[in-house]
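What follows is calculated from the coordinates using simple rules that are stated; it is not laboratory data. All figures in this text were calculated on a predicted structure; none of them were measured in a lab. Virtual Cβ from ideal backbone geometry, glycine too; neighbours counted across all protein chains shown.
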């Protein structure tokens, strides 16, 4: 398997990306061939400085970089020689099997949506986040911002995609799927939630457990929580601040450490034909390593084939 | 001024309500006459046990109680002799100037919406919550569940009502109003947020500071945060669990103590012609005292007249 890695994305690029590659190569199971995309001289110098040499890595030169604050569509169009554009080009042309970047999130989303195909039958791809549960487990919340307005049919697909991801990637055997809502009973909620509930209830591809409320988000009531990207994005960003605030207030506790989203690696774009993983701008070496492992696992387990199958039948 | 208090509402009624009345009477400034509505023999026995006797209290017998899990509309209709129904009757007929209950929230909302009038020009009343900010301050978030689907014009009115409330009740001189959204820039967001932004920007009755994201909810970026009741309700209930979870994990810190929403008293229904305050089911004595003080302040400052004025001009 071949994994493309944008070496120029993130606040600490390319150094932390290089260190992430080093960590990955030190793992026991490393079947992936890595395509390191970015400023070749810089990357090669860092590889040499860190004494990294392996037949598994190949540097692909990219003479441009899309900055964090550039307009995604415009930048992708104008900077064809940027690491993100080249990364998607390699992915789209089949030269790689997955693409990872901690760079401009918007450009990564635009690239995922427009340079590679959607999985057959998918109305809208989605992005998710891990939610650390009080009991030590993890839940999956989706959509967290790709789709600010949604239709019930889209939420129904998010439920399937999230369910397959939770099962195959998070190792949850029969993931409980909950609809994020403002009340427990069927019939509660806004128009979208009211219309989505019956679809989830009838959906034979998921283990629907009903509505989950705001009070259930952090507790172990559902493994997959489905909502439109407006509410999901606000929850995600609020959850991220819990780590920052507890750090600033010197409240040190294992539970709040788990709100350091860097430890989870990155966010996969679900519903596109190949694994695309988007990292946080603040990604350090461990995050890069975890994103490579995540892509590797998605390829090895053929998660997307399973998703396609569940969406089709 | 005359304030009606439902003595039968909440998990610890009527005892904690009685103790709340006692705490109120021990305050320095107690201009209010209290109408204690509920099971007269029980209330009088508790008053006697607690050696509470004051010319400022009057017990009003109610032979029925609406339970926490009864269907609001049905219960209000069928239980005309319940403490909540009588409370609204006293309020609507002008025998009291405000009404407080920690009972069935749905019944309180239905009562507020249908037994007393909306403030002139108000499209939809709203409920809000205090949000404890990292820096020790407090913000106001609204709507938090009364309106799961909203129109831009409604959000625009919530901004005005929240602003007046923050100014007159929370003592914030020129409250910064933010639109809860998924990005910073104008034009971001779902259809509702996109359509609401220009209204808030043009609104001369508020100090609009732009979009606030999930990451801004707990920090001091805006004093009033406006959203539809779906997202708001989920944030509120999620925030409430932070208190529970930190308690269960024995993480003791002043910041998380402030997520004990009981300390703020109750939630006023904004946009109706008279103060109606809804308490948490778990309300203890202090919460009841704080709700009485809140109603007293709303009457004394004539907050609703100011709201009406700002909404009209």
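Taking only Cα atoms and a 10 Å spring cutoff, compute GNM fluctuations for chain B and point out the largest among B:290, B:181, B:29.
Largest GNM mean-square fluctuation: B:29.
Bin width 10 Å, alpha-carbon pairs only: give the P(r) of the range A:191-234 as whole percents, running from 0 to the bin holding the largest distance.
Spelled out bin by bin, the range A:191-234 gives 24, 57, 19 percent.
Anyone know which of A:249, A:237, A:95 comes out most mobile in the 10 Å Cα GNM of chain A?
Top of the fluctuation ranking is A:249.
For chain A, what's the relative contact order in percent, using C-alpha pairs closer than 8 Å and at least 6 residues apart?
Over chain A, the number comes to 23 percent.
For chain B, find the longest principal axis of its Cα atoms and tell me its angle to the long axis of helix B:105-114, 0 to 90°, nearest 10.
So the inclination is approximately 80 degrees.
With chain B rotated onto chain A, spot the residue of B whose Cβ lies nearest the axis and note the distance in whole Å.
B:231, 2
Using only the alpha-carbon atoms, how far is helix B:83-92 inclined from the longest principal axis of chain B? Give it as 0 to 90 degrees, nearest 10.
Roughly 70 degrees, rounded to the nearest 10.
When N is the residue count of the range A:1-93, what does its C-alpha Rg come to as a fraction of 2.2 N^0.38 Å?
Taking the Cα Rg and dividing by 2.2 N^0.38 Å, one obtains 1.08.
To the nearest 0.05, what FRET efficiency results for residue A:42 and residue A:95 with a Förster distance of 25 Å applied to their C-beta separation?
So the FRET efficiency works out to roughly 0.70.
Please sort A:19-26, B:124-131 by packing, taking for each peptide the average over its residues of neighbouring beta carbons within 10 angstrom, highest first.
Answer by packing, highest mean first, reads B:124-131, A:19-26.
How far apart, in nm, are the 7 Å Cα→Cβ label points at residue B:301 and residue B:120?
Label-label distance for residue B:301 and residue B:120, simple model: 2.3 nm.
Go ahead and estimate [θ] at 222 nm for the protein assembly as shown from helices alone: -39,500 (n - 2.57) per DSSP H run with n ≥ 4, summed, over the residue count, rounded to 500.
-12500 deg cm²/dmol
Any idea what the relative contact order of the range A:123-261 is, in percent, if you count C-alpha pairs under 8 Å spaced at least 6 apart?
So the answer I get is 32 percent.
Hey, what angle do you get for helix B:285-300 against the long axis of chain B, alpha-carbon based, 0 to 90 degrees rounded to 10?
It is inclined by approximately 70 degrees.
In the protein assembly as shown, what % of DSSP beta bridges are antiparallel (nearest 5)?
30
How big is the range A:89-129 in terms of Cα radius of gyration and Dmax, in angstroms?
10.8, 29
Can you tell me, using C-alpha contacts under 8 Å and at least 6 residues apart, the relative contact order of the range A:2-98 as a whole percent?
Relative contact order of the range A:2-98: 34 percent.
Label position 7 Å from Cα toward Cβ: report the copy-to-copy distances for residue B:53 in nm, one decimal, ordered from shortest.
Taking the point 7 Å beyond Cα along Cα→Cβ, the inter-copy spacings are 9.8 nm.
On the Cα set of the range B:123-264, report Rg and Dmax in Å, please.
14.6, 47
Return the Cα extents of the range A:210-313 along principal axes one, two and three, sorted largest first, each rounded to a whole Å.
Taking the Cα atoms of the range A:210-313, the three principal extents are 48, 38, 22 Å.
Give the value in nm², to one decimal: projected area of the alpha carbon convex hull of chain A, averaged over all directions.
15.8
Largest first, please: the extent of the C-alpha atoms of the protein assembly as shown along each principal axis, to the nearest Å.
90, 48, 41
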